[in-house]
Each structure stands twice: as C-alpha cells, then as structure tokens.
Amino acid sequence: MKNFNFYNPVNVLFGEGKILEIKEQIPAGSKVMITYGGGSIKKNGVYDQICEALKDYDFVEFSGIEPNPRFETLIKAVELARKENVNFLLAVGGGSVLDGTKFISAAINFKGDEWQIVESAAKFDSAVPMGTVLTLPATGSEMNSGGVITKASTKQKLAFGSPLLFPRFSVLDPVTTYSLPIRQLRNGVVDAFVHVMEQYLTTDDNTPIQDRFAESILLTVMEEGSRLVELKEPDYQNRANFMWAATMALNGLISTGNTSDWATHMIGHELTAFYGTDHGVSLAIVLPGLLKKVKAERKVKLLQYASRVWAIDMNMEEDKIIDLAIEKTDDFFKSLGVETSLHANGISKDHLDEISERFIKQKYVGMMPDVKPSMVKEIFEDRF
Ligand code: NZQ
Ligand code: ZN
C-alpha cells in the first residue's frame with residue numbers, strides 16, 4: 001500500500017424528507033444562490049421543498065446549467081453572484097449542476113481569467129461555501145472535490161478540483177430520483193461502475209481492504225443497477241442502495257493507497273466534447289476497448305476481477321479468463337440498454353483522428369503509462 005492522506009469533510013444527509021434539514025446547515029443570514037438545470041426540479045417537487053426549507057433566507061436563483069456544464073453559461077452565474085453578494089451556494093440537480101456550482105464557488109473571488117482555474121489548475125485561496133441536493137446518482141460529485149467543465153468555443157472538456165470545493169453538505173433523498181428518465185438511470189449505472197474500475201482495475205498495490213470495498217461497490221451497482229433499469233415503478237430501497245453505491249464509488253475512499261488511472265474518462269470526455277455523447281455512454285464505449293489494450297500489464301487485477309466480480313471459472317487459460325471478464329463487462333452495459341460501439345451511438349469518424357492527435361500532442365492519456373497516446377486511435381478502431 002502506498003502512503004496516503006484521506007480527507008472527506010462532506011456531511012451527508014441521506015433519506016426521504018431530508019431536504020428540509022438544509023436550513024440547519026446553511027448559516028443564518030446567508031445570502032444564498034440556488035443553482036439548477038433545465039427545470040426538472042420544478043416538475044418533481046424538489047424546487048418547492050427547497051423554497052420551503054429556505055423561507056427564512058434571502059436567496060437568488062440561477063437556472064439553465066446544461067448537461068456537461070459550459071464555462072460560457074457558468075460565468076454568467078459568477079457575475080450574478082458577485083452582483084448580489086452571494087455567500088452561500090446551493091446546487092440542486094445532477095452532476096452537471098453540482099460541478100458547475102463548484103466552478104462558480106471557486107470563480108466568485110478569483111482575480112483574472114476564470115477559465116484558468118480549469119485549464120491551468122490556477123490556484124485560488126478561497127471558495128464560496130456550497131451545499132448540494134443531488135437528484136441524479138452517478139458522478140459522486142456530491143461527496144468529492146472535483147468537477148468537469150466544458151468550454152464550448154474550444155471544444156475542451158476538462159476536470160478541475162481543490163479541497164476547498166468539497167460541498168459542506170449533500171442531501172441524498174432517493175425519492176428525488178423517481179422522476180429520472182431511463183436514459184439517465186442507465187448512464188448513472190455505467191458511470192458509477194466505471195468510476196470504481198478506474199480506481200480498482202489498475203496495478204496490484206496490495207490493498208485488500210480497498211479492493212474488497214471496490215468489488216462490493218461493483219457487485220452492488222450490478223445488482224441494484226440492473227433492477228433500477230428493469231423495474232416499472234421506482235422502489236425506494238433499490239433507489240437508496242444505488243444512490244449510496246454511486247456516492248461511495250467516487251468519494252476518495254477506494255482510491256486510498258493505490259493506483260488510479262482515469263484514461264477511460266479522459267477519452268470519454270473527448271467524445272462528449274466533439275460529439276455531445278452522454279458521459280455514461282462514452283465510458284461504456286471506451287472501457288472494454290481500453291481493457292483489451294492493457295491485458296498484459298493489468299493481468300493480476302483482471303484475473304482478480306474475473307474471479308471475484310464475475311465468478312468466472314478459473315480453470316481456464318488466463319487469457320481466456322481475461323477475455324471473458326472484458327466481454328461480460330461489455331455485456332453488462334448492453335444489458336442495461338446502453339449501446340457500446342461508436343457506430344451504434346451515431347458517432348461518425350469525422351473527429352476521431354483529431355481526438356487521437358490531441359492525446360499524442362499531450363503525450364499521456366490517463367495516469368498510468370500502459371495506456372499510450374497512440375492506443376487511442378486503436379481503441380476507436382476496435383470500438384467502431
Ligand atoms: O437540467 P435538468 O432539467 O435538471 O435535467 C437533468 C439533465 O437533463 C436531468 N435530471 C437530473 N435529475 C433529474 C433529471 N431529470 C428528471 N428527474 C431528476 N431527478 O438529467 C439530465 C442529465 O443531468 P447531468 O447532471 O448532466 O447528469 P450527470 O449527473 O450524469 O452528470 C454528468 C456530468 O458530470 C461529470 C460529467 O463529465 C458530466 O459533465 N462528471 C463529474 C464527476 C465529478 N464531479 O466527480 C465525475 C464524473 O466522472 C463525471 O465526469
Ligand atoms: Zn464519470
């Protein structure tokens with residue numbers, strides 16, 4: 001196990017009816033800005049619950065944060081927050097609203113070109129405190145300190161983060177997810193699954209606790225995720241279990257002391273930037289293709305994954321076991337109703353070379369050297 005620091009200060013308020021408790025979490029007298037997306041919260045009753053909880057506060061609203069939130073939109077929220085002297089942000093929605101609000105939180109007091117917070121990891125000394133009400137289990141943004149922002153004008157989709165950007169609290173009420181369309185449920189299951197894979201299916205760092213935590217999350221995401229997309233009516237326990245699994249998948253716990261990669265996400269982000277592909281879908285396309293490329297380097301973990309997660313008969317040649325584990329991964333995504341080829345997702349060849357070139361120029365893909373920039377093109381060919 002490698003040395004590590006583990007810090008996660010997020011106060012999680014989990015369960016039905018918990019939205020009302022936000023009034024105990026936001027300091028009295030705060031000037032609050034509620035941020036949200038395209039309006040789902042107005043249709044499912046979440047907005048009304050927020051207004052009820054905030055009735056003793058002075059608040060303003062910023063709506064219209066789009067999926068894969070754009071710098072161009074968020075900067076308008078920053079201007080509004082500055083003008084209104086906002087000193088507490090409440091993000092209500094999915095990962096895009098939460099990530100967008102993290103950016104707003106960092107940018108409000110930033111002097112200079114705010115995009116540099118994302119593009120060059122420009123340092124900032126303070127961030128406006130924020131809380132979240134999560135309505136879409138998937139990204140883990142509710143319990144981590146990172147975000148992903150797109151600059152539409154340059155087709156860049158980039159991650160940023162800082163310990164200053166942990167939410168002060170996050171409300172996870174499974175009932176708020178009842179209004180999610182099937183497409184978002186599917187995306188969420190894939191995203192949570194791949195988050196675990198990017199932190200677990202790397203090198204063997206002798207981290208049995210972290211490995212077994214990761215495997216338990218994968219198994220839970222598989223079981224609960226399959227039910228989630230099959231059930232005709234939402235089931236509270238199913239929603240609760242999936243929601244918590246998705247949060248645990250990316251709150252820093254399973255990556256302690258071991259090696260993470262994130263190459264699948266880096267390639268997926270480019271597909272989203274160029275083609276508008278849903279985040280979850282982009283990962284379902286890339287991950288199986290990427291695993292095929294690193295079969296030798298990640299053999300130990302792939303065999304462990306095959307045995308413990310897929311219960312594959314280990315009395316076969318190692319190569320066959322690994323191929324089967326990768327095939328089962330691909331099949332799992334398909335069983336959710338997610339297409340896993342570029343072609344089936346309507347992705348043309350138009351920008352694939354440009355994306356591959358970006359990685360060659362950048363000289364790396366994820367954090368592990370076994371995924372080489374030249375492989376991106378090969379992965380696309382394999383997944384077309
Ligand atoms: O905008 P509204 O009207 O709210 O509709 C949203 C949006 O259209 C809708 N939705 C959310 N909750 C709903 C709902 N519709 C009905 N009922 C509800 N309860 O769902 C649509 C998609 O929302 P979005 O927030 O974009 O989805 P998701 O949570 O999957 O977030 C994706 C973004 O998160 C980033 C991704 O790159 C992408 O930009 N990620 C953030 C991470 C992080 N901060 O740690 C890690 C992830 O790997 C990921 O990269
Ligand atoms: Zn993700």
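The values are calculated or read from the model by the stated rules, or taken from the named source; none is laboratory data. Predicted, not measured: the structure shown is a model, and the values here were computed from it. As a convention, Cβ positions derive from the backbone with ideal geometry for all residues, glycine included, and neighbour counts pool all protein chains shown. Areas reflect the complete protein model, heavy atoms only, side chains present, ligands, DNA and RNA absent. Shrake-Rupley method; radii C 1.70, N 1.55, O 1.52, S 1.80 Å.
What the table below lists for this structure:
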read-out	value
Residues of the stretch 54-67 that turn out to be farther than 15 Å from Glu84 by Cβ, open to solvent by 40 Å² or more (accessible area, probe 1.4 Å) and within 12 Å of ligand 1 (Cβ to nearest atom), as a count	2
Enumerated helices (runs of 4 or more DSSP H) restricted to the stretch 194-283, each holding at least 2 residues that are β-branched (Val, Ile, Thr) and assigned by TED's automatic domain parsing to the domain that holds Val365	208-230, 263-275
Residue in the stretch 121-142 that is in a helix (DSSP H, G or I), in contact with a strand residue (DSSP E or B) (Cβ under 6 Å, 6 or more places away or on another chain) and either in the same structural domain as Gly280 (by TED's automatic domain parsing) or open to solvent by less than 10 Å² (accessible area, probe 1.4 Å) (or both) present	yes
Qualifying residue in the stretch 376-384 (condition: without any contact (Cβ under 8 Å) to a residue 40 or more places away in the chain, open to solvent by 70 Å² or more (accessible area, probe 1.4 Å) and closer than 25 Å to Ala138 by Cβ)	no
Total residues in the stretch 5-16, condition in contact (Cβ under 8 Å) with a residue 60 or more places away in the chain and out of contact with any helix residue (DSSP H, G or I) (no Cβ under 8 Å at 6 or more places or on another chain)	3
Residues within the stretch 271-317 that are among the hydroxyl-bearing types (Ser, Thr, Tyr) and within 16 Å of ligand 1 (Cβ to nearest atom), tallied	4
Matching residues in the stretch 35-53 - criterion: being open to solvent by 20 Å² or more (accessible area, probe 1.4 Å) and in contact (Cβ under 8 Å) with a residue 12 or more places away in the chain	Gly38, Ser40, Lys43, Asn44, Tyr47, Gln49, Glu52
The stretch 157-175, residues that are near ligand 1 (Cβ under 10 Å from one of its atoms), open to solvent by 10 Å² or more (accessible area, probe 1.4 Å) and in a helix (DSSP H, G or I)	Val175
Residue count for the stretch 334-371, restricted to those that are in contact with a Gly (Cβ under 9 Å, 6 or more places away or on another chain) and part of a helix (DSSP H, G or I)	0
Some residue of the stretch 23-34 being in contact with a helix residue (DSSP H, G or I) (Cβ under 9 Å, 6 or more places away or on another chain) and open to solvent by 70 Å² or more (accessible area, probe 1.4 Å)	yes
Answer residue from the stretch 146-156, given it is outside any helix (DSSP H, G or I) and either more than 8 Å from ligand 1 (Cβ to nearest atom) or among the hydrophobic types (A, V, I, L, M, F, W, C) (or both) and is most open to solvent (accessible area, probe 1.4 Å) among those	Lys155
Unmet criterion (only one of (1) under 16 Å from Val32 (Cα atoms); (2) touching a His at 6+ places or on another chain (Cβ under 8 Å)) for Phe59	(2)
Within the stretch 188-225, tally of residues that are among the polar types (S, T, N, Q), open to solvent by less than 30 Å² (accessible area, probe 1.4 Å) and under 23 Å from Thr176 (Cα atoms)	0
